[in-house]
There are 4 protein chains.
Amino acid sequence: MSKWIQQWTMDAIGPRNLILTERPLPEIGPHDVLVRTTAVSLNYRDKLVLESGMGLDLTFPFVPASDLSGIVEAAGEAVTRFRPGDRVISTFAPGWFDGLRPGSGRTPAYATLGGVHPGVMSEYVAFPEDWFVAAPTSLDAAEASTLPCAGLTAWFALIEKGQLRPGDRVVVQGTGGVALFGLQIAKAAGAEVIVTSGSPEKLERALGLGADHGVNRLREDWVERVLALTGDHGADHILEIAGGAGLGQSLKAVAPDGRISVIGVFEGFEVSGPVAPLLLKSPVLQGISVGHRRALEDLVSAVDRIGLKPIIDKRYRFAELREALAHLDRGPFGKIVIEF
Amino acid sequence: MSKWIQQWTMDAIGPRNLILTERPLPEIGPHDVLVRTTAVSLNYRDKLVLESGMGLDLTFPFVPASDLSGIVEAAGEAVTRFRPGDRVISTFAPGWFDGLRPGSGRTPAYATLGGVHPGVMSEYVAFPEDWFVAAPTSLDAAEASTLPCAGLTAWFALIEKGQLRPGDRVVVQGTGGVALFGLQIAKAAGAEVIVTSGSPEKLERALGLGADHGVNRLREDWVERVLALTGDHGADHILEIAGGAGLGQSLKAVAPDGRISVIGVFEGFEVSGPVAPLLLKSPVLQGISVGHRRALEDLVSAVDRIGLKPIIDKRYRFAELREALAHLDRGPFGKIVIEF
Amino acid sequence: MSKWIQQWTMDAIGPRNLILTERPLPEIGPHDVLVRTTAVSLNYRDKLVLESGMGLDLTFPFVPASDLSGIVEAAGEAVTRFRPGDRVISTFAPGWFDGLRPGSGRTPAYATLGGVHPGVMSEYVAFPEDWFVAAPTSLDAAEASTLPCAGLTAWFALIEKGQLRPGDRVVVQGTGGVALFGLQIAKAAGAEVIVTSGSPEKLERALGLGADHGVNRLREDWVERVLALTGDHGADHILEIAGGAGLGQSLKAVAPDGRISVIGVFEGFEVSGPVAPLLLKSPVLQGISVGHRRALEDLVSAVDRIGLKPIIDKRYRFAELREALAHLDRGPFGKIVIEF
Amino acid sequence: MSKWIQQWTMDAIGPRNLILTERPLPEIGPHDVLVRTTAVSLNYRDKLVLESGMGLDLTFPFVPASDLSGIVEAAGEAVTRFRPGDRVISTFAPGWFDGLRPGSGRTPAYATLGGVHPGVMSEYVAFPEDWFVAAPTSLDAAEASTLPCAGLTAWFALIEKGQLRPGDRVVVQGTGGVALFGLQIAKAAGAEVIVTSGSPEKLERALGLGADHGVNRLREDWVERVLALTGDHGADHILEIAGGAGLGQSLKAVAPDGRISVIGVFEGFEVSGPVAPLLLKSPVLQGISVGHRRALEDLVSAVDRIGLKPIIDKRYRFAELREALAHLDRGPFGKIVIEF
């Protein structure tokens, strides 16, 4: 086990510091598993961490990215949940197993892979077994790697917290990774789905994935359109992905007793909106920041049962990380994945 | 039954139009009860309706106020829930019996007494029996009249929606009517209560009512104080009564998975706050606009069992409505009630 | 409006007392609608009421059956929710609009149509407007008539109370009216459905409707089969329709933190089961007795959105009530409906 | 650290095999803490395990009992949650941290201390740090030792699952350890509490602890009395501790939409009851088997805030285990604790 492995690392914040380096194969402790990476899914957050550090206490050399598919190559002596050969995916926020999130009001928990914890853009990782869950059997490695952050965020908002029901009317803002998972999960739960986007071509593709309605938010007032499409009822659940001042629009479009899940990158943003609909319609407004491991296991189980196939806009090779990040900047339709 | 009764009415918006008038005793239909008013509790909203109409479609001559205690004097032939002699209180939003609120995403329901429906500042009212619930047996008329709006709002936020638990840490902003009900209900549920106010004297009185801590928000950073008092945990539930930009502070003070209930008068207000704690702590933020009839019945039942006594800052006589409204302007400690 | 109408009535309990009679067209009060019946769906309960009265305080001449599709022919002057020409369906338990059920611990509410209230096996009925909801637009009259009792029972158990999620594993016992609605609703919510039956032919038909697995409970141990099919996980939700000692089996088959909805006719039955799985798996066990009007409205809305088509085993004509009741005795696959 | 410690052990099932033995001080691994025991609380389950093994796969020599108070003496190098000197209590079911319970439908989890895991009737234990939570600051060691099983069971039933509200009417069956915690927790949550017992003297003591009503179940029909005391409403929550056929009575006494928590020792028992109230009142019936670690932390936090003092019927010394077990047989009023 003295072989050398490749990984992408940075010695300082800034994309120009991102280089391909070598290190010895990591060693495992009694509770760890050694995982050979087979695919890594990128999130917009990864780009922000690369570019700004997002205020996180990073350790250098820093390995970016958080979402991995891999195969267990070796297991420490105290490991009970996995054996060599098992296909696994990573969890975004290790230590949050189920129920209430860790952290305090003063110091919210934000120890994630590719942030406070090391990242996964490496041929091998050696992490505690608790940081992984079994991969779905119905997805390939690239597809499975999209579940830990984007897939789980949509599932946590719509199902774990939102308890979506057949016939509910759901608005999904945009066609990025979380949005398309939102579309697919909402359809699987029997909901009617309205997708908003500024791109006619992306709306067309969203309709092809099962969206019931597409609304071009640049050409029409999406709030008015949602109210019209729902017979004035409004949206039972809105995946508010843009953040910021869009919340005011969502408060106008939501149904009484509805739900607005605020999702997204938050560096420097404010939410704001009028109080009147917040009071008179009494919606639940909740920020969603990924979710716990048990919910990821539920999602994996559901994916296998309902046949959900994550939408990957483009697959890149390990050496093409820069090109993949550039694609992220252009706003992909679904996910960008690196295959190893 | 041809006697004349007195009521306060307005022929146009504006407090100077408020006059004491006479009308014949109202007649009742088969589903109505005739109720002799014994007390009316005032809300800040009543003042706003008087002064601005709040954009509501009022019918003139308009009778103000929404919250009444009274005694059933006569019942229509189809009435089944009440008999003459029964002590009753009114419901703020007739037609919302239980479960989801009426109205649509486009047109939220806002048909309340002393607004779209007629008000109660009258010696007698004749309303459908469905608009009333039985008064608690342990309160006098003035105390009972404070339950339909202020009491129910606090109960709906903390108990019906908030499912408060013993040991939860609750922040109550201010010492107005809803705030003091929040304090009393939270204590009855076993919570630890922190009251914020700009008045040392009111904080002292709040401590006398059972508050565990008082924070002078003018002399210290209440967020920092709440974090310190809770060992960094933060507040499990915040009754956000001020509204507006205060929400940003509440997002900093709330515990992970906590709850912020936004309560208050909404004319022209915006809420705003930083996205980061909304995402990282994932609190539920929910506007609360009074509540349904079943919850009012639950509150009445609880009041009798737990011995809750509403806090009335001052009782006025029927002829003293103007003085009572002036007191509202000065910010009472608890409720202002008119006794008939 | 002096025309005569036909209806099935009984002067005493017992099927031999069931006869076709005539009466004048009923008159409507200010809050009533006159509805021309277009279809009536039968429930096994109707047969029990005919045969035994089920201990109910019936009024004679008694008109049986509870679930109707119809068209509003006239509306009283105070009616606001319907206009002549509207297609409606009845509610099973008038007066339960939303939230908690009416009645007390001593005297549970059981005032339903075709029981304490008059039935609907009549060419016209005149009932309060509150007793109806709008019919779905995507179903014919016969299909729509199956929603108020059988459809709502399955929906209330699985969705309103059970909050079913995609990927959940559901066991549906049998292939009667409630069971097939359970199958269809669970599939619409993304669940994996296992149907049990003693008939290979009915299992085959259930698979044709989308069931994932059929288990012949006469030829194999269904508990063992459910555990095997779910990889030992057990069933997240069991629609326990048989009642009685079957509960013990369901307790063995249910997953930890799962749910068993007990549905069925209850005359004289006991439930019983071992305590060990009740404690160690901590499932929720809940009796389900139809549901409230708001949930029926939700079901109607969902039916139109998800394209659910109720399964009608056979449609009979108005004059064929006796033949329809005989079919009920033989155990239909889905529902039996009378078309007018 | 070569000193010898004392513990109670058994080489075979049966109380006569229980002897006081010596062993070397246990060593700790990197994730373990060494805890010096200061008090152990006994549960009726401990007696059953001693006498019958309860079908568990015990390891001999077997150390009995599950609930400990202690002081951390040493911590492994990887331990992060505790330091030497910290006061701790044990968790009953290690590995269940929050949310859904571990285990499967086929094999429910039942790995508890003093069962599949080693017990705590020992001067020192060396367990993983994850098996402990911080002790409340307001209780002495003996009082704190009663929380992990009896206290948490009552809390989990009434608060975590039952979401008790002020004014709810709660029936607590008996005056044992779980029952008295139920009484105290329900009172802290603002409920009205009815205690049933066969002993007038114990009822008197329960009233002294705050019970609102005591019902002698041997001298009167407790169901009838509960209905009378609640004005026919019935009990919102029943702590069904006896188990078995008593469930039929609880189904008669429960309110519509109420809750029955089934608690107790389950060896060989069946529950049974009539279907009619289960359907018509639609209560939730749920077995409760202690609870997760997060709920124990909530209980600890609540105990310190609400000033709850566990009721200890008698404190015994370490050498008096046999006398303490004999007291358990006689049915204590609250808990029996061994002080070290």
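The values are calculated or read from the model by the stated rules, or taken from the named source; none is laboratory data. These numbers come from a predicted model, not from an experiment. Here the Cβ positions follow ideal geometry from the backbone for every residue, glycine too, while neighbour counts run over all protein chains shown.
Quick notes
- With respect to the conditions (1) closer than 30 Å to residue B:228 by Cβ; (2) crowded, with 16+ Cβ neighbours inside 10 Å, residue A:57 falls short on a single one, namely (2).
- Residue C:266, sole failed condition from (1) under 29 Å from residue B:99 (Cα atoms); (2) at pLDDT 90 or above; (3) surrounded by 23 or more Cβ atoms within 10 Å (Cβ to Cβ): (2)
- Some residue of the stretch D:274-296 being within 20 Å of the chain's Cα centre (by Cα), within 14 Å of chain B (Cβ to nearest Cβ) and aliphatic (A, V, I, L, M): yes
- Of the residues making up the stretch A:248-257, at least one is surrounded by 23 or more Cβ atoms within 10 Å (Cβ to Cβ) and under 16 Å from residue A:167 (Cβ atoms).
- Residues being over 23 Å from residue D:155 (Cβ atoms) and of a type in the set (Asp, Glu) - total across the stretch D:184-220: 3
- Filtered residues of the stretch D:219-245 (kept if more than 29 Å from residue D:309 (Cβ to Cβ) and either among the β-branched types (Val, Ile, Thr) or touching a residue at least 12 places away in the same chain (Cβ under 8 Å) (or both)): D:223, D:227, D:233, D:234, D:244, D:245
- Boolean, residue C:312 is at pLDDT 95 or above and touching a Ser or Thr at 6+ places or on another chain (Cβ under 6 Å): no
- Some residue of the stretch B:298-314 being among the acidic types (Asp, Glu), within 14 Å of chain D (Cβ to nearest Cβ) and at positive phi: no
- Residue within the stretch C:11-21 that is closer than 30 Å to residue C:107 by Cα and surrounded by 15 or more Cβ atoms within 10 Å (Cβ to Cβ) present: yes
- Restricting the first member to the stretch D:291-309 and to residues that are within 20 Å of residue D:96 (Cα to Cα) and touching a residue at least 40 places away in the same chain (Cβ under 8 Å), and the second to residues that are among the polar types (S, T, N, Q) and assigned to a helix (DSSP H, G or I), the beta-carbon pairs closer than 8 Å and six or more apart or on different chains are D:291/D:153.
- Looking only at residues of the stretch C:67-102 that are under 20 Å from residue C:152 (Cα atoms) and among the aromatic types (Phe, Trp, Tyr), we find that the one that is surrounded by the most Cβ atoms within 10 Å (Cβ to Cβ) is C:92.
- Within the stretch B:82-102, considering residues that are away from every other protein chain (no Cβ under 14 Å) and farther than 21 Å from residue B:5 by Cα, the one farthest from the chain's Cα centre (by Cα): B:83
- Verdict on residue B:253 being over 24 Å from residue B:96 (Cβ atoms) and in the same structural domain as residue B:236 (by TED's automatic domain parsing): yes
- Residues (buried (at least 17 other Cβ atoms within 10 Å of the Cβ) and within 13 Å of chain B (Cβ to nearest Cβ)) located in the stretch A:103-131: A:103, A:105, A:106, A:108, A:109, A:110, A:112, A:115
- Residue among D:64, D:26 that alone is closer than 24 Å to residue D:290 by Cβ and touching a Phe, Trp or Tyr at 6+ places or on another chain (Cβ under 9 Å): D:64
- Per-region count, the stretch D:329-340, residues under 18 Å from residue D:148 (Cβ atoms) and buried (at least 19 other Cβ atoms within 10 Å of the Cβ): 7
- From C:190, C:162, C:177, residue being in contact with a Ser or Thr (Cβ under 9 Å, 6 or more places away or on another chain) and under 22 Å from residue D:105 (Cα atoms): C:162
- The stretch A:155-170 residues that are among the basic types (Lys, Arg), paired with ones that are part of a strand (DSSP E or B) (beta carbon under 6 Å, 6 or more apart): A:169/A:192; A:169/A:235; A:169/A:236
- Count of residues meeting criterion [in contact with a Phe, Trp or Tyr (Cβ under 8 Å, 6 or more places away or on another chain), facing chain B (nearest Cβ under 10 Å) and at pLDDT below 95] in the stretch A:214-260: 2
- When residue D:205 is tested against (1) surrounded by 21 or more Cβ atoms within 10 Å (Cβ to Cβ); (2) more than 13 Å from chain B (Cβ to nearest Cβ), only condition (1) is not met.
- Checked across the stretch C:141-158, the condition of being surrounded by fewer than 22 Cβ atoms within 10 Å (Cβ to Cβ) and more than 21 Å from residue C:328 (Cα to Cα) holds for no residue.
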